[in-house]
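**Q** Dropping a structure here in structure tokens format, bear with me for questions.
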Amino acid sequence: MQRIVVVGTGFAGTWSALAAMRLIHLHGGKDAGIEVTVISPEPRLVMRPRLYESDAKNMSAALDGLFRVTGIQFAKGTVESIRVPERLVNVVDQTGACSALSYDRLILAAGSRLRRPNIPGLREHSFSIDQLGEAAAFEAHLHSLAALPPSPARNTVVVGGGGFTGIEIAAELPNRLRSILGQDAEVRVVIVEQAAEIGPELGANPRPVITQALAEQGVETKLGAAVMSVDDKGVVTTSGERIESLTVLWTAGVEATPLTRQIPGLKDKCGRLHVDKDLRVPSAKDIFVAGDAALADTDGDGHYAMMSCQHALSLGRFAGHNAAADLLGVAAKPYSQLTYGTCLDLGPWGAVVTEGWDRTVRFKASVAKPIKQNINRVVIYPPSANRAEAFAAADPDRPGPTLT
């Protein structure tokens, strides 16, 4: 029996496993002699793009039923290391017990994590919404503020980083704080961004919309200044300003899973592995990479997949298909994702939807909000535990969702 091992149950990992099983099913199912095993701490898909919303602790979807009806094996644990020459992964389970699992093809889809630079006090005195537990802890902290006496520090949240995540959570916070502290509370939300512009990676086209939405909701921006230190009562920026706050939220920067360091091959500044058009690591032919761990050319025009669920969903479908195709001896499908859109939540004000790599604004404010809600509540969720539906959805040739 040959084995495809998928590391991770994020968007890329889930869809890699489904796509691999789909192709195996089309080529004889059990008679093909190939099993697919997914390794993750839990058989759950965390809705990471939604962790800026309230009720974060419930932002996940169970996968055990879906895996069961599609024939995917699940191994509960965390991959500690990848032994490339031996084609083995070392796994640690929840009790601390270690085991080794062999693979014929490996799909690394262990995602990314928030980068926490060596800023004094950052680790000890800041929150994050990068992972499910962290987002739940942040929400619990916000609710705990209501038990404290009113003060400027209690009523102020400092958001470190004015990128995609920083903007989305900052736009949500004024209303969330008032719902906890009282509608008449004088709340303050401040984004500290070291770049000269808000949303530096989002480009110029949506920036006026973002700026308007934040301003109209009372969100302040401190641009051209970085967080220099954090303590239990606030932050000091590189401009020398001190902001009193009991709630500092760090959102700036992500890096690929450290497991990429164990695989030979070129990597970018985020630690992502360069892959070929089949999403294979050129220097490790038995390994495919999908999602935030992959640096993949989307269209041949110099655009590379973003560290986002939009690209992870498609990368997973192609990686899973191609890993299975390699073992089955059938043609691979070169990865291609020609369309690109961005949908940024801007809190109660609405959202902004852009099209293309230049991010031309198509919809904004209340018109764009239902599009974002549909993405968050429908598009990114896995299919139901129905084999035919799941395999149809895992087809790499399936058209992606439109933003209309």
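**Q** I want to check the label-to-label distance for Arg261 and Ala140. Put each point 7 Å from Cα in the C-beta direction and report it in nm to one decimal.
**A** Here the answer is 3.0 nm between the modelled labels.
**Q** Sticking with this structure for a sec: With a 10 Å cut-off between alpha carbons and a GNM built on the chain, which of Ala20, Ala213, Ala293 moves the most?
**A** Comparing Ala20, Ala213, Ala293 in a Gaussian network model of the chain, the most mobile one is Ala213.
**Q** Moving to a separate point now. Please list 3J(HN,Hα) in residue order for the stretch 236-252, calculated via the Karplus relation 6.51 cos²θ - 1.76 cosθ + 1.60 where θ = phi - 60°; whole Hz, with x for glycine and proline.
**A** Each residue's phi maps through the Karplus curve to give 10, 9, 5, 7, x, 7, 10, 10, 6, 6, 8, 9, 10, 10, 9, 10, 8 Hz.
**Q** Suppose all protein chains stay in the model; what accessible area per residue would a 1.4 Å probe give for the chain, in Å²? Write down the numbers at each step before the final one.
**A** Numbers: 17070 Å² over 404 residues.
With all protein chains present, the chain gives 42 Å² per residue.
**Q** What net charge is computed for the residues neighbouring Arg113, neighbours being all others with C-beta under 11 Å from the C-beta of Arg113, Lys and Arg scored +1, Asp and Glu -1?
**A** Working: positive: Arg48, Arg115, Arg116; negative: Asp130, Glu134, Glu255, Asp292.
Net charge around Arg113: -1.
**Q** Moving on. Using the Karplus curve 6.51 cos²θ - 1.76 cosθ + 1.60 with θ = phi - 60°, what ³J(HN,Hα) values do you get for each residue of the stretch 43-50, in whole Hz, with x for Gly and Pro?
**A** Running phi through 6.51 cos²θ - 1.76 cosθ + 1.60 with θ = phi - 60° gives x, 9, 9, 7, 7, 4, x, 9 Hz.
**Q** Local charge sum around Thr14 (other residues, Cβ-Cβ under 11 Å, Lys/Arg +1, Asp/Glu -1)?
**A** After counting each charged neighbour, the total is +2.
**Q** So, one more: Contour minus end-to-end for Asp31 and Ala215, with contour as 0.36 nm per residue of separation and end-to-end as the Cα-Cα distance? Please list the in-between numbers first.
**A** On the way: separation 184, 0.36 × 184 = 66.24 nm, distance 6.10 nm.
Full extension of this stretch gives 60.1 nm more.
**Q** A follow-up question, please. Pop out the ³J(HN,Hα) list for the stretch 2-15 in order, Karplus 6.51 cos²θ - 1.76 cosθ + 1.60 with θ = phi - 60°, rounded to Hz; leave Gly and Pro as x.
**A** Calculated HN-Hα couplings, in order: 8, 9, 9, 9, 10, 9, x, 10, x, 4, 5, x, 4, 6 Hz.
**Q** Ignoring ligands, DNA and RNA, what percent of the 1.4 Å accessible area of the chain is carbon and sulfur?
**A** Details: 8790 of 17070 Å².
For the chain, the apolar C and S fraction of the accessible surface comes to 51 percent.
**Q** What FRET efficiency comes out for the pair Glu80/Ser308, r = Cβ-Cβ distance, R0 = 25 Å, nearest 0.05? Mind dumping the intermediate values first?
**A** Numbers: r = 27 Å, r/R0 = 1.07.
Result of the calculation: an efficiency of 0.40.
**Q** For the chain, set up a GNM with springs between Cα atoms under 10 Å and report which of Leu223, Leu26, Leu181 has the largest fluctuation.
**A** Sorting by GNM fluctuation, first place goes to Leu26.
**Q** Moving to a separate point now. Please enumerate, by chain and number, the lysines with C-alpha under 25 Å from the C-alpha of Lys233, excluding those fewer than 8 residues away in the same chain.
**A** Candidates past the 8-residue exclusion: Lys222.
**Q** Which parts of the stretch 300-314 would a label at Ala195 reach, counting a residue when its backbone N lies under 16 Å from a point 7 Å out along Cα-to-Cβ?
**A** Answer for this model: 304, 306-308.
**Q** Let me ask something additional. If you restrict to DSSP beta bridges whose two residues both lie in the chain, what percentage is antiparallel, to the nearest 5? Walk me through the intermediate numbers first.
**A** Values: 37 of 71 bridges.
Antiparallel bridges: around 50 percent, rounded to the nearest 5.
**Q** Hey, another quick one. Given a cut-off of 29 Å, name the pairs among Lys30/Lys76; Lys267/Lys369; Lys267/Lys333 whose C-alpha atoms lie farther apart than that in the structure shown.
**A** Details: Lys30/Lys76 23 Å; Lys267/Lys369 36 Å; Lys267/Lys333 23 Å.
From the list (Lys30/Lys76; Lys267/Lys369; Lys267/Lys333), the Cα-Cα distance tops 29 Å for Lys267/Lys369.
**Q** Using 0.36 nm times the number of residues separating Ser151 and Thr339, minus their current alpha carbon distance, what extension gain do you get? Could you put the intermediate results ahead of the total?
**A** Working: separation 188, 0.36 × 188 = 67.68 nm, distance 4.79 nm.
Between Ser151 and Thr339, full extension yields 62.9 nm more.
**Q** Length gain on complete extension for the stretch Asp184 to Asp276, per 0.36 nm per residue less the alpha carbon to alpha carbon distance? Each step should come with its number before you reach the end.
**A** Values: separation 92, 0.36 × 92 = 33.12 nm, distance 5.58 nm.
Contour length minus Cα-Cα distance gives 27.5 nm.
The values are calculated or read from the model by the stated rules, or taken from the named source; none is laboratory data. Note that the coordinates shown come from a computational prediction; the quantities given were computed from them, not determined experimentally. Every residue, glycine among them, receives a Cβ derived from its backbone with ideal geometry; neighbour counts consider all protein chains shown. Surface areas here come from the heavy atoms of the whole protein model, side chains and all, with no ligands, DNA or RNA. Shrake-Rupley method; radii C 1.70, N 1.55, O 1.52, S 1.80 Å.
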